[in-house]
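The values are calculated or read from the model by the stated rules, or taken from the named source; none is laboratory data. The model shown is predicted, which means the values in this text are computed figures rather than measured ones. Note that we place each Cβ from the backbone using ideal geometry, even for glycine, and neighbour counts take in every protein chain shown. Quick note on the areas: whole protein, heavy atoms, side chains included, nothing else; ligands and nucleic acids left out. Shrake-Rupley method; radii C 1.70, N 1.55, O 1.52, S 1.80 Å.
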Amino acid sequence: MDSILNTLSSIPWWGWVLIVLLLVAIRDIFIQKQHTISHNYPLIGHLRYMLEKIGPELRQYLVANNREELPFNRIERGWIYASAKKENNYEGFGTDRNIYEHQHIFINNAMMPFKVDANHPNTIDKTFLPCAKVMGLHHKRKKPYRPASIINVSAMSFGSLSAKAVESLNKGVALANAYHNTGEGGLSPYHSFGGDVIFHFGTGYFGVRDKHGNFSMEKMVALVEKNPFIRAIEVKLSQGAKPGKGGVLPGAKITKQIANIRGVEIGKDVLSPPNHSAFSNVSEMVNFIEEIAEATGLPVGIKAAIGKLDQWEELADIMLKTNKGPDFITVDGGEGGTGAAPPSFADHVSLPWVYGFSDLYRLFKNKGLTERIVFIGSGKLGFPAKAAMAFAMGVDCINVAREAMMSIGCIQAQVCHTNRCPSGVATQSKWLQSGIDTTLKSVRLAQYFKTFRKELIEITHAAGYEHPCQFKMNDIEMNVDDHNLSKELNKTYMYEKVLVPFTGMQDLKDCVYLGGKHNA
Ligand SMILES: Cc1cc2nc3c(=O)[nH]c(=O)nc-3n(C[C@H](O)[C@H](O)[C@H](O)COP(=O)(O)O)c2cc1C
């Protein structure tokens, strides 16, 4: 025994290195069967796998230029990070963008900007920017709701996001007078830190399902009564990253807490089918919406990504005929994010936001229905100039998901589906999320929202308006090709927006339905 130990201890350190390399080479050639490259090029072959693994990080930090990356390039991320930290988010020396490039947006400024007088709400608060429409007013719901911020947190569930992330977002929306959409995973304790909440559910009916997995009105009513901060309800039909795709929540991920919140059994796989069991056609969906609105008193809306228009046409006809239907419609773009989706869906199914929204808005406009609907847009719209374009096209509010995640520390590692999110935002790992300080991060979200609103107000004033709802299609131009082909939006998308009845920011401030803490 002693002689073996003596022989081993006499081997120099480089001898050990050689032994390890030899063992790895033996494994590569004779034992492992998965990797042909490692078999054919033992040892060296590993370099290829290592570089493939760290390639995205190398490109993100060292190689990619400022405007190159997707979904969000370095300039966009930098603007969100700086705004969230209240750092200098300006750029010097002029734009570094090629402003002649295809799809570049131009906002037509007025000769003289809108004049803000001394008593104007925006002189008092430069970030005050509520929605110009009230959800549920047209359909005479018992509790109409005017979102107090035109930028809000889009649907992302507790489950896809960590508890600490959801808590930061909820505390943040409370500070910014915005709302927080729960996403499909039910209402968790982390959604209860004071922000307005839009309760969202999909085909899994998490949080409002009976023991067979069907929608339970009893549970819905109880949930709303117990949590008066729920201001509206959103029925998810589809989302841009994976329209029409169901999902499975693996039993292994269903902890006691998640089982309680979602109303499912611990440890058992749960299916979210592609279709709703509560309705199977458009008129049944309208009845379903009306029943929920009647039972809860809240405005009820739908969220969808847009593709074919025939069923939307049917919906519009039913709304016209019956004076019933959704109080708001959230249109998600095909470029929208997700916790996890197959690339074939994320890349190809459903239209990008500008195409989908313009198709839908034109349809509702032709039926004369736009005034009764609050239009919400989501799909990389969390930047003031993009938002100005969206308002010109007809949106009344913006929802942001990934931009909100970035404001609380997400680094776009794009590993939400692996449970290994390095920033702790999209993981259930206790260790990875333990670095999130929810008080600090909530201030960051609020600061991002406030900076966003302030810049959007400034752009609006530069265009001669008081509120972005006053933007019209011909206020924005988009490069379709060279200078002579740059077209106003109304010419590209072929409709005029119906002007939102707007009587001044002060009237919005005085509105009894105004959300957030303004009337508290
Ligand atoms: C992590 C994550 C989870 C999401 N979960 C949901 C969800 O539960 N329901 C839903 O309708 N959309 C969900 N979405 C989509 C977003 O709500 C949003 O519509 C989409 O990401 C576009 O907004 P963005 O470009 O600002 O990210 C999720 C997105 C992300 C990134």
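Annotations
- Qualifying residue in segment 333-340 (condition: in contact with a Gly (Cβ under 7 Å, 6 or more places away or on another chain) and of a type in the set (D, E, K, R)): yes
- Checklist (1) within 30 Å of Thr451 (Cα to Cα); (2) open to solvent by less than 70 Å² (accessible area, probe 1.4 Å); (3) among the polar types (S, T, N, Q) applied to Asn88, failing item: (2)
- Only one entry in Met389, Met319 is aliphatic (A, V, I, L, M), more than 16 Å from the ligand (Cβ to nearest atom) and either open to solvent by less than 40 Å² (accessible area, probe 1.4 Å) or in contact (Cβ under 8 Å) with a residue 12 or more places away in the chain (or both), namely Met319.
- Applying the criterion of being more than 15 Å from Pro274 (Cβ to Cβ) and in contact with a helix residue (DSSP H, G or I) (Cβ under 7 Å, 6 or more places away or on another chain) to the residues of segment 230-247, the residue that is farthest from the ligand (Cβ to nearest atom) is Ile230.
- Residues considered: Leu440, Leu489, Leu499. Of these, the only one that is open to solvent by less than 30 Å² (accessible area, probe 1.4 Å) and not β-branched (Val, Ile, Thr) is Leu489.
- Subset of segment 328-372 [of a type in the set (A, V, I, L, M, F, W, C) and open to solvent by 10 Å² or more (accessible area, probe 1.4 Å)]: Ala340, Ala341, Phe345, Ala346, Val349, Leu351, Val354, Leu363
- Of all residue pairs spaced 6 or more apart or on separate chains, those with beta-carbon atoms under 8 Å, a first member in segment 46-72 that is open to solvent by less than 100 Å² (accessible area, probe 1.4 Å) and a second member that is part of a helix (DSSP H, G or I) and of a type in the set (S, T, N, Q) are His46/Ser38; Tyr49/Ser38; Glu69/Gln60.
- Within segment 212-222, if we keep just the residues that are within 18 Å of His276 (Cβ to Cβ), touching a residue at least 24 places away in the same chain (Cβ under 8 Å) and open to solvent by 20 Å² or more (accessible area, probe 1.4 Å), the residue that is farthest from the ligand (Cβ to nearest atom) turns out to be Met217.
- Taken as a whole, the condition of being hydrophobic (A, V, I, L, M, F, W, C), more than 23 Å from Val395 (Cβ to Cβ), out of contact with any helix residue (DSSP H, G or I) (no Cβ under 7 Å at 6 or more places or on another chain) and more than 16 Å from the ligand (Cβ to nearest atom) applies to Met112.
- Residue check: Ala278 meets all listed conditions (1) open to solvent by 20 Å² or more (accessible area, probe 1.4 Å); (2) of a type in the set (A, V, I, L, M); (3) touching a His at 6+ places or on another chain (Cβ under 8 Å) but one, namely (3).
- For segment 192-205, the set of residues classified as within 20 Å of Gly246 (Cα to Cα) and open to solvent by less than 10 Å² (accessible area, probe 1.4 Å) consists of Phe199, His200, Phe201, Gly202, Gly204, Tyr205, listed by residue number.
- Filter result for His180 (under 18 Å from Phe328 (Cβ atoms), within 11 Å of the ligand (Cβ to nearest atom) and out of contact with any Pro (no Cβ under 9 Å at 6 or more places or on another chain)): no
- Subset tally (residues that are open to solvent by less than 10 Å² (accessible area, probe 1.4 Å), assigned to a loop (DSSP other than H, G, I, E, B) and not aliphatic (A, V, I, L, M)) for segment 143-191: 8
- Residue satisfying condition, being out of contact with any Ser or Thr (no Cβ under 7 Å at 6 or more places or on another chain) and either at pLDDT 95 or above or within 27 Å of Leu445 (Cβ to Cβ) (or both), within set Ala316, Ala305: Ala316
- Qualifying residue in segment 400-414 (condition: of a type in the set (Lys, Arg) and within 10 Å of the ligand (Cβ to nearest atom)): yes
- Every listed requirement among (1) at pLDDT below 95; (2) within 14 Å of the ligand (Cβ to nearest atom); (3) surrounded by fewer than 22 Cβ atoms within 10 Å (Cβ to Cβ); (4) assigned to a loop (DSSP other than H, G, I, E, B) is met by Ile258 save one, (4).
- Checklist (1) closer than 22 Å to Thr492 by Cα; (2) more than 16 Å from the ligand (Cβ to nearest atom) applied to Ile373, failing item: (1)
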